[in-house]
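Below: the structure, in structure tokens.
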Amino acid sequence: MAGIASATTAPSLDKAVEELAMNTSSPPEKYILKEGLGGSELPYLDIPVLDLSLLNSSTHETEEELKKLRLGFSSCGYFQAINHGIDTSFLDEVHDVTRKFFKLPMEEKKKYARDVDDIDGYGNDTVYSENQTLDWNDRLWLNVKPEDKRKMKVWPENPTNFRQILLDLTAKLENVNEIVFKAMAKSLGLEEDCFLKQCGENPIVIARFNLYPPCPTPDLVLAAKAHGDPCAMTYLLQDKEVEGLQALKDGKWYKVRIVPDAIVVNVGEQVEIMTNGLFKGPIHRVTTNRERERMTIAVFFTPDPTSEVKPAEGLINEKNPKLYKSIIDYTGNYFQLFQQGKRPIDTLKV
């Protein structure tokens, strides 16, 4: 996830990464990783595949799916959701409208460019410091909820159905998110609304449409540098053909497999706090590809910034002491700390 906080006065980039990819044989120095990527052939991460349609009943199958959810979130922070109630035809529309937007002429896309000191809109990495290594991607970042946070001037009107598809997608994922949050609580033996209550009256919903252009030096450049998501939960629609997402587990990097029509669900750091560390917000990154571009859509659910996020009382006892302090507006200082090489959640450890 990238950018809720404001940038410094450093300017945004003049060129889109897409333009750099078409006009250079070597990425600018500011994109080159000083430490390299390390390892080329990686194994796949063992991620449970959950049938969400089974989570709303009280059957043996439900219990098995809850066990898979707990295993996935406690071991690697992920599961792949199938039978999630979102039609394949609609997911195809989401991918189609994403592709059509990124295929627009550059001058058309730049009508929706983000302001230098803002994150909403079309652009690339927000620059926080001169020493920052930049990500090889262009993105369209849009606040969807609360409604008064929408900046409609950067919501594309071309393609003509873009706005409606976005609203439909986030509404459908709100339903999925409620199912997942209640299932998380049940898997831990808690009241099913205990985590939803921590999200407050006006939770934030943000969508990010990602274009990862081909890169001539994929061994030296990342499409998204290693990070954890500062939200509560992330829902990712992967590219249908081109892999790129990788996750860190036990100090080793693994590839995340593409499962047709599945939604990749991962824990955000605020749920790691809520579950007192039982569920892990995974460190993940996105690699570049020498020949092929990649497009994905991520939707982030974040608690109301006025709500207190803290470990659930039912998870704390003598054997399991409180691991994290409570926090209001976790994302407030996240990105400045992240660009300094710090993992913000570590600053909250008791």
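The values are calculated or read from the model by the stated rules, or taken from the named source; none is laboratory data. Quantities reported herein were computed from a predicted structural model and do not represent experimental measurements. Here Cβ is always computed from backbone atoms with ideal geometry, including for glycine, and neighbour counts include all displayed protein chains.
Observations, loosely collected:
- For region 250-280, taking the residues that are at pLDDT below 95 and basic (Lys, Arg), the one that is nearest to LEU69 (Cα to Cα) is identified as LYS280.
- Test for VAL299: is it touching a residue at least 24 places away in the same chain (Cβ under 8 Å), under 30 Å from SER26 (Cβ atoms), under 19 Å from the mean Cα position of the chain (by Cα) and not in a loop (DSSP other than H, G, I, E, B): no
- Within region 302-314, the set of residues being without any contact (Cβ under 8 Å) to a residue 40 or more places away in the chain and in a helix (DSSP H, G or I) comprises just one member, GLU313.
- Residue in region 232-251 that is closer than 18 Å to GLY77 by Cα and surrounded by fewer than 16 Cβ atoms within 10 Å (Cβ to Cβ) present: yes
- Long-range neighbours under 6 Å by Cβ, at least six apart or interchain, first residue hydroxyl-bearing (Ser, Thr, Tyr) within region 186-204, second surrounded by 15 or more Cβ atoms within 10 Å (Cβ to Cβ) and in a helix (DSSP H, G or I): SER187/LEU66; SER187/LEU69; SER187/ARG70
Let's see how each residue does on (1) closer than 30 Å to LEU69 by Cα; (2) buried (at least 17 other Cβ atoms within 10 Å of the Cβ); (3) out of contact with any Phe, Trp or Tyr (no Cβ under 8 Å at 6 or more places or on another chain); (4) at pLDDT 95 or above:
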site	(1), (2), (3), (4)
HIS84	yes, yes, yes, yes
ASP87	yes, no, yes, yes
LYS103	no, no, yes, yes
GLU108	no, no, yes, yes
VAL116	no, no, yes, no
ASN124	no, yes, yes, no
LYS145	yes, yes, yes, yes
LYS151	no, no, yes, yes
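- Only one of the numbered conditions (1) charged (D, E, K, R); (2) farther than 24 Å from ASN175 by Cα; (3) surrounded by 22 or more Cβ atoms within 10 Å (Cβ to Cβ) is violated by GLU269, and that is (2).
- Hits in region 160-183 (condition: crowded, with 20+ Cβ neighbours inside 10 Å and β-branched (Val, Ile, Thr)): VAL176, VAL180
- Tally, over region 217-227, of residues that are touching a Pro at 6+ places or on another chain (Cβ under 7 Å) and farther than 13 Å from VAL286 by Cβ: 1
- Residues located in region 46-95, provided they are of a type in the set (Gly, Ala, Ser) and part of a loop (DSSP other than H, G, I, E, B): SER57, SER58, GLY77, GLY85
- Filtering region 159-203 to residues that are of a type in the set (Gly, Ala, Ser), assigned to a helix (DSSP H, G or I) and farther than 18 Å from GLU65 by Cα leaves only ALA171.
- Selection from region 16-44 of residues that are in a loop (DSSP other than H, G, I, E, B), at pLDDT 75 or above and in contact with a Pro (Cβ under 9 Å, 6 or more places away or on another chain): ALA16, THR24, SER25, SER26, PRO27
- Of all the numbered requirements in (1) buried (at least 22 other Cβ atoms within 10 Å of the Cβ); (2) not in a loop (DSSP other than H, G, I, E, B), CYS215 misses one, and that requirement is (2).
- Selection from region 138-158 of residues that are touching a helix residue (DSSP H, G or I) at 6+ places or on another chain (Cβ under 6 Å) and either within 18 Å of LEU104 (Cα to Cα) or of a type in the set (Phe, Trp, Tyr) (or both): ASP138, VAL154, TRP155, PRO156
- Within region 276-296, considering residues that are assigned to a loop (DSSP other than H, G, I, E, B) and out of contact with any Gly (no Cβ under 8 Å at 6 or more places or on another chain), the one surrounded by the fewest Cβ atoms within 10 Å (Cβ to Cβ): GLU291
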